[in-house]
Amino acid sequence: MPATVLLIDANAEDEQLFREELAQVRDQPFRLQVVHTLAEALVRLRPGAETPLDVPLPDVIVLDLHLPDSLGLTTFLRLQPKAGHLPVIVLVSQADEDLGLEAVERGALDHLIKQQVVSTLLNKTLRYATERTHTLLALKASETRYRELYENVVAGVFQSTPDGKFMAANPA
């Protein structure tokens with residue numbers, strides 16, 4: 001099943017570049033959705049947002065940091081809480097690479113430089129983003145199951161240091 005990429009970018013040339021480069025990816029097809037403003041993206045990502053049945057929720061977001069209604073790192077910081085568990089890859093010009101690196105420090109999964117986007121790099125970045133997200137969600141579910149088991153088992157379970165100090169114990 002193709003992964004859905006939400007491209008948030010107002011530049012028609014960037015959109016065309018992404019369409020062309022994604023069309024060259026053969027081993028994992030991607031479905032591209034495009035919105036042109038941060039406001040459109042926030043509406044699209046809102047829980048319970050009405051979308052046509054043929055428009056799936058995105059698996060990964062590619063965000064240009066220079067939009068008509070938001071500029072710079074603020075664009076990412078405004079989107080991040082609404083993105084939830086979705087990976088966000090920021091898109092910057094070569095002159096703004098430091099902005100991309102700062103977004104990664106603040107929680108973006110990765111950054112791409114517009115002038116360097118080619119199908120192999122795009123495929124690798126998007127595949128990594130979707131696989132990492134699926135892995136993290138599976139890990140979180142496993143951790144939740146473990147925590148429930150640990151806290152609800154009727155026998156006492158504890159963890160201690162080699163010298164006998166308790167580190168953790170369940171309620172039993």
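Going through region 79-172, which trypsin sites (Lys or Arg not before Pro) have at most 16 other Cβ atoms within 10 Å and a DSSP loop state?
Numbers: sites: Lys82, Arg106, Lys114, Lys124, Arg127, Arg132, Lys140, Arg145, Arg147, Lys165; in loops: Arg106, Lys165.
Qualifying residues, ordered by number: Arg106, Lys165.
Once you keep just the Cα pairs under 8 angstrom separated by 6 or more residues, what percentage relative contact order results for the chain? All intermediate terms of the calculation are to be shown ahead of the outcome.
Values: 238 pairs, mean separation 31.5, N = 172.
With pairs under 8 Å counted, the relative contact order is 18 percent.
What is the gain in length, in nm to one decimal, between Ala172 and Arg106 on full extension, counting 0.36 nm per residue of separation less the C-alpha to C-alpha distance? Could the numbers behind the result be given before it?
Numbers: separation 66, 0.36 × 66 = 23.76 nm, distance 3.97 nm.
Result: 19.8 nm gained on full extension.
How much accessible area per residue does the chain have, in Å², with a 1.4 Å probe? Walk me through the numbers before you get to the answer.
Working: 10390 Å² over 172 residues.
I get 60 Å² per residue for the chain.
Need one number: nm distance between label points at Thr161 and Ala138, each 7 Å from Cα along Cα→Cβ, rounded to one decimal.
The two pseudo-label positions are separated by 3.6 nm.
Note down the relative contact order for region 1-96 as a percent, whole number, built from C-alpha pairs under 8 angstrom at least six residues apart. The partial results should precede the final answer.
On the way: 134 pairs, mean separation 31.6, N = 96.
Here the relative contact order equals 33 percent.
Calculate, in whole percent, how much of the Cα-Cα pair population of region 92-154 lies beyond 18 Å. Walk me through the numbers before you get to the answer.
Working: 1089 of 1953 pairs.
Every Cα pair in region 92-154 considered, those over 18 Å come to 56 percent.
Going by Cα centres, region 1-43 and region 129-163 are how many Å apart?
With region 1-43 and region 129-163 each reduced to a Cα centre, they are spaced 36 Å.
The values are calculated or read from the model by the stated rules, or taken from the named source; none is laboratory data. What you see is a predicted model; the values in this text were computed from it and never measured. Neighbour counts are summed over all protein chains in view; Cβ atoms, including those assigned to glycine, are modelled from backbone coordinates with ideal geometry. We work out accessible area using only protein heavy atoms, side chains counted, and drop any ligands, DNA or RNA first. Shrake-Rupley method; radii C 1.70, N 1.55, O 1.52, S 1.80 Å.
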